[in-house]
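Student: Structure in structure tokens, see below.
Read the figures in this text as sums done on the coordinates, not as results from a lab. Values in this document were obtained by computation on a predicted structure and should not be read as measured data. All Cβ positions, even for glycine, are placed from backbone atoms using ideal geometry, and neighbour counts span all protein chains on display.
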Amino acid sequence: MTVQRRSLLMAAAGLGATLIAPAARAQAATGEITTLVVPFTAGSGTDVIARLVGEQLSRTIGRQMIVDNRAGAGGTLGAALVAAAPGDGRMLLVHSAGHVANAALYPKLRYDTLKDFTPVALLATLPNVLVVSPASKIGSVAELVARARAEPGKMTYASAGNGSATHINAEKFRIAARLQAVHVPYRGTPPALMDVIGGQVDWFFAPLVSAMPLIQDGKLLPLAVGSAKRTPLLPQLPTTVEAGFAESDYAFWVGLFAPARMPAAQVATLAAGTAKVLAMPEIATAMAKLGAEPGASTQPQFAEFVAQDLRATTALVKQAGIRVD
């Protein structure tokens, strides 16, 4: 790996491994450790939110939180690990909207998305941003679509993995824009970003939290956000709907899940502690800098939201004919 590539990966990773060293010291002192399994690489939007909330949650509930990145298979590997956990509070899952998509995309999952997890809290909602390399000479969504339509099946688009939220976002846009392109799945967000910069892949609906440092450095060019509304971080940037592609918007969220066997009282305590963290002004400020909004739902409301989103995403996957290899 070159020095430049390594530095770019560190920039994309954002908060990096800030929890690991303090948590390791605390483990020796107290033994009270909870592992937050993030089924994507460090630097992904899910990872950054997990580290931000986890740091404050450690102080709020009195258990140190460490992040364990278990990337692979669109986020299903890490989810399967937590589904099999004993439910004693020592292992939790921080996943994204891709969690519900996987239920439709993978017919033989080792877990049941609804039965094997208890949704604890909606941590954040944040936009994906459609990015290209400045060297591509593509300056707008319209130009990207025109080029893709002129050469059907020749352009490529990245995702953080088959079935990830970045994959579903891109597919929803691709169908709304009526274009053909080749999907290139990666093992996480940072390597996908690097290959967009390098020109190995043409475009990517990246989590804004991960792409923003590279946008600010001029290494990536943003064309639009995939969310239903604009982001204050890039207020001049249109949504894909505003760019002329109706029904192309996609809601990207990050949530906290426990193994289904965790006792209800323990889930309630964890949900209450998480709610306190999400209500902290410093969390709202930190998330705003990332283009994210803290979640504000109760534990039952989040559980219902997950069930509804699973139904809606399953319908989208079937309508679009989305498949994973």
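Student: Just name one of G273, H99, A181: the one whose Cα is farthest towards the positive end of the charge dipole of the chain (beta-carbon charges, Lys/Arg +1, Asp/Glu -1).
Tutor: Of the listed residues, the answer is A181.
Student: Let me ask something additional. To make sure I understand the rule: partners must be lysines, Cα under 18 Å from the Cα of K318, and not fewer than 8 residues away in the same chain. Which ones qualify?
Tutor: Leaving aside lysines fewer than 8 places away in the same chain, those within reach of K318 are K108, K172.
Student: Determine the dipole magnitude for the chain: charges of +1 sit on the beta-carbon of Lys and Arg, -1 on that of Asp and Glu, nothing else is charged, the reference point is the Cα centre, and the result goes in debye to the nearest 20.
Tutor: Dipole about the Cα centre, nearest 20: 340 debye.
Student: I need to check one value: relative contact order of the chain, counting alpha carbon pairs closer than 8 Å and at least 6 residues apart, in percent. Display every interim value, and only then the final one.
Tutor: Working: 713 pairs, mean separation 81.4, N = 325.
Result for the chain is 25 percent.
Student: Tell me which of P263, A165, G198 sits at the most positive position along the dipole axis of the chain, charges placed on C-beta atoms (Lys, Arg +1; Asp, Glu -1).
Tutor: Ranked along the dipole, the leading option is G198.
Student: As an exercise, find the ratio Rg/Rh for the chain from alpha-carbon atoms, using the Kirkwood inverse-distance average for Rh.
Tutor: 0.96
Student: Now, a different point. Using 0.36 nm times the number of residues separating Y106 and T285, minus their current alpha carbon distance, what extension gain do you get?
Tutor: Gain on stretching Y106 to T285: 60.7 nm.
Student: Taking other Cβ within 10 Å of each residue's Cβ, how do L193, L122 sort, fewest first?
Tutor: By the 10 Å Cβ count, ascending, the order reads L122, L193.
Student: While we're on this one: Extending each Cα 7 Å along its Cβ direction at A312 and R230, get the distance between those two points in nm, one decimal.
Tutor: Result for the modelled spin labels: 2.3 nm.
Student: Follow-up. If you rank S133, S248, S96 by fewest surrounding Cβ atoms within 10 Å, what's the result?
Tutor: Fewest-to-most Cβ neighbours within 10 Å comes out as S133, S248, S96.
Student: Can you give the log10 of the normalised intensity I(q)/I(0) at q = 0.13, 0.22 Å⁻¹, computed with Debye over equal Cα scatterers of the stretch 128-225?
Tutor: Values, matching the q order: -0.36, -1.12.
Student: A further question on this structure: Give me the percent relative contact order of the stretch 128-225, please, defined on Cα pairs under 8 angstrom at least 6 residues apart.
Tutor: 46 percent
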